[in-house]
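Asker: Structure below; questions to follow.
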Ligand code: IZC
Ligand code: ZN
């Protein structure tokens with residue numbers, strides 16, 4: 001916990017997203033940053049106590065200034081801590097050989113069908129003991145924090161047996177308890193059809209529905225339930241069954257939708273009332289409209305399109321249709337081995353036509369709502385968690401202009417400075 005008050009003073013721009021607790025931003029509202037120039041934030045007991053112009057906060061806290069640790073943000077940009085709402089954080093091994101094969105023209109699905117891809121990471125993750133898995137994942141979490149990310153969602157799905165899925169989820173819980181970054185868990189037993197069930201995938205779906213989901217829910221190891229709905233992986237019918245079973249056990253639905261082929265994933269997300277539908281590279285316009293009507297957040301993962309050398313999701317179209325859009329790294333060893341959410345924002349601008357305002361909304365407010373945390377993170381408002389980032393740039397546009405550079409100077413988590421001068425404390 002935070003011992004003394006922390007006062008971040010006089011930022012050139014303080015991006016607050018005031019009002020962000022109410023719900024995800026859509027359409028033109030994604031551009032409403034609510035910037036305070038010469039802005040300051042007073043934090044105590046892990047929460048934001050006040051946000052406003054520096055002169056106002058100086059006057060309000062004059063008598064308590066001696067108690068506080070003061071961080072000078074003059075000339076710099078301050079934003080809410082970044083939120084990554086879609087990662088496969090906990091895994092063992094790496095797949096650089098497959099990357100090299102893809103550069104020679106092999107496709108992601110060809111590698112999966114030959115027993116590699118997700119299945120290769122499943123073999124490595126099953127073999128790793130919990131401590132090794134914890135260490136590998138902790139290193140990645142440190143890197144996320146160095147890039148300004150203060151909360152991540154993390155999926156299981158590299159175990160595919162009850163025991164190995166529980167192992168992954170328990171590691172995620174240990175990370176949440178021991179690391180400054182908050183980790184929000186998603187069960188994804190239906191990430192791939194394990195080779196043992198290759199000839200009878202429905203039997204595996206039954207195992208997920210009748211054994212894994214009830215046990216994960218009973219142990220309270222996850223809040224969300226996700227499925228890879230993709231041609232050659234799980235059909236929309238199987239995905240529906242899995243998502244509805246999760247709902248019955250209190251797990252909120254999420255879905256990997258229309259990543260490689262158009263497959264009705266966006267439509268299914270709207271039908272089951274998913275919190276988010278993710279990927280959406282090949283989503284139909286009808287699917288997007290249904291998502292907008294049902295309030296399903298579109299979590300876009302342009303790092304994956306970039307790394308798979310595929311067509312990017314139609315972010316502009318989705319925003320224009322009223323779909324609330326969030327952005328994420330999709331951090332995983334196959335299709336997006338990165339932790340740089342700032343670079344994902346760069347791709348949002350350069351490859352999906354999003355504006356510098358929209359990509360910030362998509363990695364703060366909207367990302368927070370995509371993991372049902374909009375009431376406590378994602379905007380800088382009184383009462384919310386004291387999670388914020390100080391960037392070494394004078395305005396928010398420079399974050400996108402100076403691309404593929406880590407501009408993070410300082411990260412504050414729960415009112416404590418955890419990264420200073422670009423280094424972990
Ligand atoms: O390990 O390849 N798309 N799941 C669905 C992934 C990519 C992760 C992987
Ligand atoms: Zn994913």
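Asker: Based on Cα positions only, what radius of gyration and what Dmax would you give for segment 232-313, in angstroms?
Answerer: 12.2, 38
Asker: Determine the principal axes of the Cα atoms in segment 304-425, then give the extent along each, sorted from largest to smallest and rounded to whole angstroms.
Answerer: Answer, in whole Å and largest first: 40, 30, 29 Å.
Asker: Next question, about the same structure. Suppose a student asked you for the relative contact order of the chain, using Cα pairs under 8 Å spaced at least 6 residues apart; what percent would you report?
Answerer: 22
Asker: Plugging the Kirkwood radius over Cα pairs into Stokes-Einstein for segment 166-256, at a temperature of 37 °C and a viscosity of 0.692 mPa s, what D comes out in µm²/s? Before the final figure, lay out each step's value.
Answerer: Details: Rh = 13.4 Å.
In µm²/s, the coefficient is 245.
Asker: Only bridges whose two residues both fall in the chain count here: according to DSSP, what percent of them are antiparallel, nearest 5? Before the final figure, lay out the partial values.
Answerer: Details: 28 of 60 bridges.
Around 45 percent antiparallel, to the nearest 5.
Asker: Okay, moving on. Counting each DSSP H run of 4 or more residues in the chain as -39500 (n - 2.57), what helix-only mean residue ellipticity at 222 nm follows after dividing by all residues, to the nearest 500 deg cm²/dmol?
Answerer: Numbers: 17 runs with 154 residues, N = 425.
Calculated mean residue ellipticity at 222 nm is -10500 deg cm²/dmol.
Asker: On average over all directions, what projected area in square nanometres does segment 107-146 have, based on the convex hull of its Cα atoms?
Answerer: Values: hull surface 14.3 nm².
Result: 3.6 nm².
Asker: If the elastic network links every pair of Cα atoms under 10 Å, which of 342, 53, 236 fluctuates the most in the Gaussian network model of the chain?
Answerer: Its mean-square fluctuation being the largest, the pick is 53.
Asker: Can I ask one more? Rounded to the nearest 10 degrees, what's the angle between the helix 285-294 long axis and the longest principal axis of the chain, both from Cα atoms, 0 to 90?
Answerer: So the helix axis and the longest Cα principal axis differ by about 60 degrees.
Asker: Further question on the same structure: Hey, what does the equivalent ellipsoid look like for segment 1-136, semi-axes from the Cα gyration tensor as sqrt of 5 times each eigenvalue, largest first, whole Å?
Answerer: 46, 21, 13
Asker: Separate question: Would you kindly state how much longer the chain becomes between residue 375 and residue 37 on full extension, computed as 0.36 nm times their sequence separation minus their alpha carbon distance, in nm to one decimal?
Answerer: 119.2 nm
Asker: Based on the alpha-carbon gyration tensor of segment 360-425 and its eigenvalue square roots a ≥ b ≥ c, which shape applies: rounded if a/c is under 1.5, prolate if not and a/b is larger than b/c, or oblate?
Answerer: oblate
Asker: Would you please put 323-334, 87-98 in order of how densely packed they are, using the mean number of other Cβ atoms within 10 angstrom per residue and starting with the highest?
Answerer: Working: 323-334: 27.8, 87-98: 21.3.
Order by mean packing, descending: 323-334, 87-98.
Asker: Shifting gears a bit: Taking the Cα centre of each part, how many Å lie between segment 319-381 and segment 72-92?
Answerer: What the calculation gives is 10 Å, centre to centre.
Asker: Taking R0 as 30 Å, what's the FRET efficiency between residue 320 and residue 401 from their Cβ-Cβ distance, rounded to 0.05?
Answerer: Calculated value: 0.80.
Asker: Can you give the angle from 0 to 90° between the axis of helix 162-178 and the longest principal axis of the chain, with both taken from C-alpha atoms, to the nearest 10?
Answerer: 10
Asker: Please determine, in degrees from 0 to 90 and to the nearest 10, the orientation of helix 341-352 with respect to the longest principal axis defined by the Cα atoms of the chain, where the helix direction is its Cα long axis.
Answerer: Orientation of helix 341-352: about 70 degrees from the principal axis.
Asker: Each label point is 7 Å from the Cα along the Cα-to-Cβ direction; what then is the distance between the points at residue 211 and residue 18, in nm?
Answerer: If labels sit at residue 211 and residue 18, their model points lie 5.5 nm apart.
Asker: Moving on to the next point. For q values of 0.14, 0.17, 0.19 Å⁻¹, compute log₁₀ I(q)/I(0) with the Debye formula on a Cα-only model of segment 69-184, without solvent.
Answerer: Relative scattering, expressed as log10 I(q)/I(0), comes to -0.67, -0.88, -1.01.
Asker: Work out, in µm²/s and without decimals, the Stokes-Einstein translational diffusion coefficient of the chain at 10 °C, 1.306 mPa s, Rh from Kirkwood over C-alpha pairs.
Answerer: For these conditions, the coefficient is 74 µm²/s.
Quick note: the coordinates plus some simple rules give every number you see, no bench work behind them. The structure displayed is predicted, hence computed values, not measured ones. Cβ coordinates were reconstructed from backbone atoms using ideal geometry, including for glycine residues, and neighbour counts include every protein chain displayed.
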